[in-house]
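Colleague: This is the structure I want to talk about, given as structure tokens.
The values are calculated or read from the model by the stated rules, or taken from the named source; none is laboratory data. In this text, all values refer to a predicted model and were calculated from it rather than measured experimentally. Here the Cβ positions follow ideal geometry from the backbone for every residue, glycine too, while neighbour counts run over all protein chains shown.
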């Protein structure tokens, strides 16, 4: 039976795992915004107010002029989530020692937190894809892949006045990008050109672009034939994200949470034939400004 002492150890273990493996791609796509509450209102980012040129001249003794905004307040509700794993008493009996039981429980918590991270990434991608339609592109050996991304950056900047500063590649698109002659040609005189994900941002229209590549893989359900695929499928995301994201800035995507770390560890509930280990979190991925993002559906040829 789990005691308060070993539950405390499991809690710290689970919190540490979450910090390391929660889903960096999800948090890079939709940065975390702590809200302090599960129900709140935000300003829907205005599509035109940021481009207005009001007459700010004031007469001596006169009043200031009011600015106008087309933004509206909208209500947001965070979604509760929970997952559990069962450890059968017989498994614990077979562990034979206290140390064996600890290793068994930690292994199950590791699997639980890993699947929670997958669940979070899947929820984030589902929300973002529903809010941003994809534009099909084919990247071949003759494609100028840098210009392909620059064009989308310029379209967004011309449309809303915000220059995208983040790009996320699926693994296949990253392979095509780093090996593209249009990229290799940017390294003249190099014996070996080896573009690094952390350094290619300087090649784009916004030279301060941050980039990430996703290696996350999802599989079909356990009782179905295995069909593993990159979590991003064929997506390449190009979008704007504020350096100091908060509840009201015009970033494309956000993840609202009550707290930065939504996992409070794990709970262990004693059942008739074993222990039910539960983890819970509350958050909501949110498309805050769809006009600040582009999604490419890339086919590599």
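Colleague: Can you find, within the stretch 176-204, the residue that is modelled with the lowest pLDDT among those that are under 29 Å from residue 228 (Cα atoms), out of contact with any strand residue (DSSP E or B) (no Cβ under 8 Å at 6 or more places or on another chain) and part of a loop (DSSP other than H, G, I, E, B)?
Modeller: The extreme case among them is 194.
Colleague: Please find, within the stretch 4-14, the residue that is nearest to residue 159 (Cα to Cα) out of those that are at pLDDT 70 or above and either touching a helix residue (DSSP H, G or I) at 6+ places or on another chain (Cβ under 9 Å) or exposed (fewer than 14 other Cβ atoms within 10 Å of the Cβ) (or both).
Modeller: For the stretch 4-14, the residue satisfying everything is 14.
Colleague: Filter the stretch 55-93 down to the residues that are touching a strand residue (DSSP E or B) at 6+ places or on another chain (Cβ under 9 Å) and in a helix (DSSP H, G or I), then identify the one that is farthest from residue 288 (Cα to Cα).
Modeller: Ranking the candidates gives 90 first.
Colleague: Could I ask something else about it? Considering only residues that are assigned to a loop (DSSP other than H, G, I, E, B), touching a strand residue (DSSP E or B) at 6+ places or on another chain (Cβ under 6 Å) and at pLDDT 90 or above, which ones fall in the stretch 247-272?
Modeller: Matches in the stretch 247-272: 252 only.
Colleague: Given (1) assigned to a loop (DSSP other than H, G, I, E, B); (2) under 24 Å from residue 135 (Cβ atoms); (3) without any contact (Cβ under 8 Å) to a residue 12 or more places away in the chain, identify the lone condition not met by residue 151.
Modeller: In the conditions (1) assigned to a loop (DSSP other than H, G, I, E, B); (2) under 24 Å from residue 135 (Cβ atoms); (3) without any contact (Cβ under 8 Å) to a residue 12 or more places away in the chain, residue 151 misses (1) alone.
Colleague: Also, I was wondering about something else. Residues of the stretch 56-99 being without any contact (Cβ under 8 Å) to a residue 40 or more places away in the chain, closer than 30 Å to residue 118 by Cβ and surrounded by 14 or more Cβ atoms within 10 Å (Cβ to Cβ), which ones?
Modeller: 95
Colleague: Consider the stretch 128-150. How many of its residues are surrounded by fewer than 18 Cβ atoms within 10 Å (Cβ to Cβ) and within 17 Å of residue 290 (Cα to Cα)?
Modeller: Result for the stretch 128-150: 6.
Colleague: Tell me which residues, restricted to the stretch 131-148, are assigned to a helix (DSSP H, G or I) and under 19 Å from residue 182 (Cβ atoms).
Modeller: Scanning the stretch 131-148 gives 145, 146, 147, 148.
Colleague: Looking at residue 173, is it touching a strand residue (DSSP E or B) at 6+ places or on another chain (Cβ under 6 Å), modelled with pLDDT of 90 or more and either surrounded by 19 or more Cβ atoms within 10 Å (Cβ to Cβ) or over 30 Å from residue 195 (Cα atoms) (or both)?
Modeller: Yes.
Colleague: Still on this model: For the stretch 39-53: of the residues being modelled with pLDDT under 70 and assigned to a loop (DSSP other than H, G, I, E, B), which is farthest from residue 252 (Cα to Cα)?
Modeller: Among those residues, the one meeting the criterion is 48.
Colleague: Residues of the stretch 214-246 being closer than 23 Å to residue 155 by Cα, in contact with a helix residue (DSSP H, G or I) (Cβ under 7 Å, 6 or more places away or on another chain) and not in a loop (DSSP other than H, G, I, E, B), which ones?
Modeller: 236, 237, 238, 239
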